[in-house]
Amino acid sequence: MTAGASATQWPPEVAGSPLRSFDPNLPYQPRLLTPNERSKADLYVFYSPRNLRVTSITEALNFALGLQFEFDPQIAAYVERPCRLILSARRHIDLSFWTRRHSGEERFHLTVPSSATVVTLGGDMAARERDLLHQAAERQGLKVNHVFEHELVREGEKISTYFRLLAYVQSARRIAGLATIRDEIYAYLSNIERATFRQLHHILHRHDPRHVTAIAAAMIHKGEIRLSETSHLSPDSFLELEVGHGTP
């Protein structure tokens, strides 16, 4: 199973057609990057099946967090660079993301690199400028969740798996017979505790195994099934029904 850099290329179903980079129905839109930022930034541009639009994220730390949001079925939408935090008259910074969960909860998120953290007297990690950040957020009436680099590093294998799955999820929508394959995967997993991708390829042998993999990945993305473990993605990775997920 390989996906690699194809996850950050245009999926065929949207290549050559108008692509939107924002959703006019959301309260926030991504701040447009300047030409200078686009040329100098560590930039990740990809089609987001969660947002149904092109997403452009700067910096690897933000990309890692974005992948977590992309594969969190509780997230209805996320927006990169939703607004700026005004720290002083001359200093503004982008908040990393705004998210809306299916429950309706909305929140802003700011990634904090290790170089900008300190250890508190209680032994916890905190942003070096936490007071300044907190005061700025209060002035603007924003609730900001700080996400620290070490937290994302700890989830590194899981995030790497999400990146490898992304290209499959992007391709699933253009597969003929998507609903049929999805129903067959669901029916099979309903009768056993768990199964590998390889087993699904064997059981659904009348379908292209690449299509089976892509639709299984899309089901993971939607929260219908899950990987038993999210590390070392391979044909022998185990899949199982998500607890509490009803019949499709």
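None of the figures in this text is laboratory data; all of them are computed from the coordinates on show. A quick note: this is a predicted structure, and the numbers were derived from the prediction, not measured.
How far is helix 130-140 tilted, in degrees, relative to the longest principal axis of the Cα atoms in the chain, given as a value from 0 to 90 rounded to the nearest 10?
90 degrees
What does DSSP give for the chain in terms of the percent of beta bridges that are antiparallel, rounded to the nearest 5?
Within the chain, antiparallel bridges account for around 85 percent of the total.
For the chain, find the longest principal axis of its Cα atoms and tell me its angle to the long axis of helix 178-190, 0 to 90°, nearest 10.
80 degrees
From the backbone phi of segment 150-167, what are the Karplus-calculated ³J(HN,Hα) couplings (6.51 cos²θ - 1.76 cosθ + 1.60, θ = phi - 60°) in whole Hz, Gly and Pro given as x?
In residue order, the calculated couplings are 5, 5, 6, 4, 4, 9, x, 5, 5, 5, 4, 5, 4, 4, 5, 6, 4, 4 Hz.
In the set (1) 13.8; (2) 15.7; (3) 13.1, which value of mean projected area of the Cα convex hull in nm² was calculated from the structure you see?
(2)
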